[in-house]
Amino acid sequence: MAAKNIMIVGVGGQGTLLTSRILGGIALQGGYDVKLSEVHGMAQRGGSVVTFVRYGEDVAEPIVEEGQADVLIAFERLEALRYAHFLKPDGALVVNDWRIDPMPVVIGAAEYPEGILEGLEKEYKVYAVNATEEAKKLGNSRTFNLIVLGVAAQHMDFTKEQWYEVIERTVPPKTVEINKKAFDVGYTL
Amino acid sequence: MSERRVIMLGNEAIARGAYEAGVKVSAAYPGTPSTEISEYLVQYKEDVYAEWSPNEKVATEVAIGASVSGVRSMACMKHVGLNVASDPLYTVSYMGVNGGMMVVVADDPGLYSSQNEQDTRMVARAAQVPVIEPSDSAEAKDFVKRAFEISEQFDRPVIFRTTTRLAHSQGLVTLKDREEIEDKPYVKNIQKTVMMPGNAKIRHVEIEKRNKELAEAANTLDLNRIEMKDTKIGVITSGIPYQYVKEALPNASVLKLGLVNPLPRKLIEEFASKVETLYIVEELDPVIEEQVRSWGIKAIGKEIFTVQGEYSANMIRKAILKEELQIKEPAKAPGRPPILCPGCPHRSVYYVLKKLGLHAAGDIGCYTLGAVAPLSVVDTTICMGASISSLHGMEKAKGKEYIKNWVAVIGDSTFLHTGVNSLMNMMYNKATGTVLILDNSTTGMTGHQDHAATGKTLQGDPTWAIDIPALCRAIGVKNVVEVNAFDIELLEKTVKEEVAKDEVSVIITKTPCVLLSKAKKPLYRAIPDKCKKCGMCMKPGCPAMTKAADGTIRIDDTMCTGCGLCDSLCKFGAIELVKEGDR
């Protein structure tokens with residue numbers, strides 16, 4: 001099979017790295033070759049963060065290039081817009097319908113674009129979910145990334161049990177139950 | 001142990017490789033993208049001693065000492081750290097090794113987290129140190145072992161070069177057991193270990209000889225391999241660009257180099273003679289290309305490839321295959337540059353400096369982010385420790401009055417790295433000027449590593465903590481003042497007083513990094529009815545605060561860390577602490 005290309009984008013501190021680890025784990029469990037690439041250091045301090053996950057029979061480069069992502073997982077609307085051109089024409093965009101103003105917007109040097117999702121829907125298959133609000137209902141707003149992952153999981157070929165297993169292995173032991181619950185919310189949305 | 005396949009970060013794989021290769025001593029200073037090597041080594045503390053050293057020069061010297069005593073050792077750093085370490089590097093190149101020695105250096109093409117783009121292979125060539133370069137996590141682990149074997153066989157220290165994309169990518173590796181390498185006996189041999197002129201002269205001849213032997217051996221070394229396919233296109237490449245070549249040109253013939261200094265001339269000549277057009281694909285500088293051309297071999301390189309940033313398969317398709325790629329234009333979206341975290345104590349200090357209209361000579365760390373709007377306080381960033389010494393230069397150039405408009409800002413880890421030397425210089429050379437040590441009790445930017453003042457070692461043991469105020473006093477600074485970063489009134493008063501003095505002052509703003517504490521933090525909420533829309537609370541640029549459509553303030557409860565800076569700036573009581581039950 002051709003390598004499956006997945007991207008996760010968000011704002012530094014939103015948990016893109018943890019989510020990419022779960023994706024790497026599920027690919028390994030599926031018996032695939034897998035490569036992941038991520039951003040550390042200065043770039044992650046509240047900045048725009050991108051991680052790549054590629055799996056298949058034989059994966060060479062660790063990055064996903066423009067026009068080649070099968071699934072783009074965005075934890076914030078503006079970041080979805082920024083990286084949407086990485087999607088294949090028939091790729092799926094799973095986006096947390098949530099706004100975090102970047103500093104140029106906060107200080108009035110730039111404007112946060114209106115109508116991002118409506119615009120993206122014209123070009124891509126968009127699956128929007130207000131995961132932050134859903135996570136608050138679960139009692140832990142930080143688990144929103146597992147809800148988004150749950151939605152994205154519907155576009156990948158692994159069973160729910162496989163996902164559960166990987167989540168159990170990857171997230172901190174104390175948060176296993178809440179994270180599984182969050183994944184479930186997304187998986188059934 | 002039965003063989004087990006796992007996913008590993010490039011840096012984790014290097015640590016695992018060091019463990020499996022029987023390394024006993026490792027020293028490092030954190031620097032993105034090299035930091036995680038040491039952090040992963042900690043899990044093998046039963047077998048490997050690993051430490052944070054105050055800087056890369058010290059780390060390299062620690063590794064040299066361990067090698068001299070007969071064990072396998074390593075030092076880890078980023079490319080700019082190699083500059084700090086270059087003094088011992090150039091000389092250990094002459095000394096050679098007893099136990100195998102490796103210096104891991106991580107370059108940063110694309111400048112994800114660095115102040116320059118620098119090609120370590122250039123430094124290695126100048127220092128005549130062999131360079132080994134892996135292409136993915138599996139090779140990163142396996143090549144470490146080969147690096148030590150080559151180090152010992154040819155009596156050379158080895159640079160293990162990675163780049164950000166390799167260091168921070170994950171791939172599959174197969175775990176093996178640790179090899180127990182017997183310590184080599186220490187035999188006194190001052191001709192080899194005392195590099196005074198007479199001995200060094202002889203060693204220079206010796207290393208030239210060893211390098212030639214290694215270059216000859218490189219022609220058959222398993223680290224270099226030819227993958228012969230269609231002969232129309234031949235590519236010489238190494239490291240991460242090899243993966244891009246495989247992706248873009250699956251049918252091309254490839255000479256993949258694992259040893260990139262010295263180069264295997266015969267192997268390259270043989271490969272070049274078999275292909276129609278030879279390309280050289282290497283990120284950053286034309287290090288391989290210039291040597292290959294110097295041997296009279298025709299090759300295409302930097303005339304179609306850039307010396308800046310990272311490469312990609314798309315870029316190679318475009319340059320070599322002249323493919324016109326159908327790629328959509330990226331959407332116009334406002335940038336999202338990195339910023340100080342919500343609750344960061346540096347924000348509070350910069351707010352005060354900005355209010356007082358001061359310029360800051362800056363340094364390397366999170367606090368470099370004080371250069372960008374809305375704080376815009378930091379005017380210079382050069383390298384570790386340069387804030388204090390460049391402030392000194394300004395004072396010597398323009399005088400005591402001029403420097404009353406400036407301060408130097410430096411972090412605690414950076415102060416111990418090389419800032420302390422610069423402060424010694426200020427005292428020795430009769431300077432005036434104010435230095436702010438923004439002490440957040442950690443090495444913040446690289447992800448919270450310990451250092452000589454935190455009271456904890458890399459391996460997690462409690463230890464002596466350097467008393468930074470006492471250290472400054474010992475250097476001779478009379479005016480050493482400690483202030484809580486969030487006490488903005490006292491901080492403002494202190495800065496005003498200290499910059500007015502015709503003496504050296506050190507102000508230490510000791511407030512731990514907001515990300516250090518795992519405790520549940522309080523949070524603040526804006527009360528729209530009381531908000532006068534004056535914008536005072538927005539001035540420090542806290543990312544948790546936004547303006548609502550009606551101009552009043554909102555505080556994002558998923559981001560607020562409860563530092564209270566906004567509350568202390570609001571004159572109208574429009575910001576309140578949220579009670580525990582109301583969250």
Check your understanding: What residue, among those in the range B:459-502 that are of a type in the set (S, T, N, Q) and under 31 Å from the mean Cα position of the chain (by Cα), is nearest to B:Tyr29 (Cα to Cα)?
Key -> B:Gln459
Revision key, fill the gap. Of (1) touching a Cys at 6+ places or on another chain (Cβ under 7 Å); (2) open to solvent by 40 Å² or more (accessible area, probe 1.4 Å), B:Asp487 fails just (1)
Review point. Wholly within the range B:123-223, which helices (runs of 4 or more DSSP H) include no fewer than the required count, namely at least 2 residues that are within 14 Å of chain A (Cβ to nearest Cβ) and within 30 Å of B:Ala272 (Cβ to Cβ)?
Key: B:137-154, B:164-167
Review point. Within the group B:Thr174, B:Thr163, which residue is touching a residue at least 24 places away in the same chain (Cβ under 8 Å) and either of a type in the set (A, V, I, L, M, F, W, C) or buried (at least 19 other Cβ atoms within 10 Å of the Cβ) (or both)?
Key: B:Thr163
Review point. Does any residue in the range B:487-509 that is free of Cβ contacts under 8 Å to residues at least 12 places away in the same chain come within less than 6 Å, Cβ to Cβ, of a residue that is open to solvent by less than 60 Å² (accessible area, probe 1.4 Å) six or more places away or on a different chain, and which pairs are these?
Key: B:Leu490/B:Val483
Review point. Within the range B:563-570, is there a residue that is touching a residue at least 60 places away in the same chain (Cβ under 8 Å), open to solvent by 20 Å² or more (accessible area, probe 1.4 Å) and under 21 Å from B:Leu340 (Cα atoms)?
Key: yes
Review point. Of the residues B:Lys45, B:Lys57, which is open to solvent by 20 Å² or more (accessible area, probe 1.4 Å), of a type in the set (Lys, Arg) and over 21 Å from B:Thr446 (Cα atoms)?
Key: B:Lys45
**Study point:** Matching residues, the range B:439-464, being open to solvent by 40 Å² or more (accessible area, probe 1.4 Å), touching a strand residue (DSSP E or B) at 6+ places or on another chain (Cβ under 8 Å), without any contact (Cβ under 8 Å) to a residue 60 or more places away in the chain and in a loop (DSSP other than H, G, I, E, B)
**Key:** B:Thr463
Review point. For residues in the range A:71-111 being basic (Lys, Arg) and more than 9 Å from chain B (Cβ to nearest Cβ), which is farthest from B:Lys328 (Cα to Cα)?
Key: A:Arg77
**Study point:** Failed item, numbered, when B:Ala66 is tested on (1) in contact with a helix residue (DSSP H, G or I) (Cβ under 7 Å, 6 or more places away or on another chain); (2) in a helix (DSSP H, G or I)
**Key:** (1)
Check your understanding: Before we move on, is B:Ala360 more than 24 Å from B:Ala452 (Cα to Cα), free of Cβ contacts under 8 Å to residues at least 24 places away in the same chain and out of contact with any Lys or Arg (no Cβ under 6 Å at 6 or more places or on another chain)?
Key -> no
Check your understanding: Can you name the number of the only condition in (1) open to solvent by 40 Å² or more (accessible area, probe 1.4 Å); (2) within 14 Å of chain A (Cβ to nearest Cβ) that B:His346 fails?
Key -> (1)
Exercise for review: Determine which member of the set B:Leu423, B:Leu471, B:Leu436, B:Leu491 is under 26 Å from B:Gly393 (Cα atoms), in a strand (DSSP E or B) and not acidic (Asp, Glu).
Suggested key: B:Leu436
Check your understanding: How many residues are more than 7 Å from chain B (Cβ to nearest Cβ) and either over 12 Å from A:Phe158 (Cα atoms) or crowded, with 18+ Cβ neighbours inside 10 Å (or both) when one looks only at the range A:26-38?
Key -> 3
Check your understanding: Is it the case that B:Ser114 is out of contact with any strand residue (DSSP E or B) (no Cβ under 8 Å at 6 or more places or on another chain), over 28 Å from A:Val166 (Cβ atoms), open to solvent by 10 Å² or more (accessible area, probe 1.4 Å) and hydroxyl-bearing (Ser, Thr, Tyr)?
Key -> no
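The values are calculated or read from the model by the stated rules, or taken from the named source; none is laboratory data. These numbers come from a predicted model, not from an experiment. Positions of Cβ are backbone-derived with ideal geometry, glycine not excepted, and every protein chain shown enters the neighbour counts. Just so you know, the surface numbers come from the protein's heavy atoms only, side chains and all, with ligands and any DNA or RNA stripped out. Shrake-Rupley method; radii C 1.70, N 1.55, O 1.52, S 1.80 Å.
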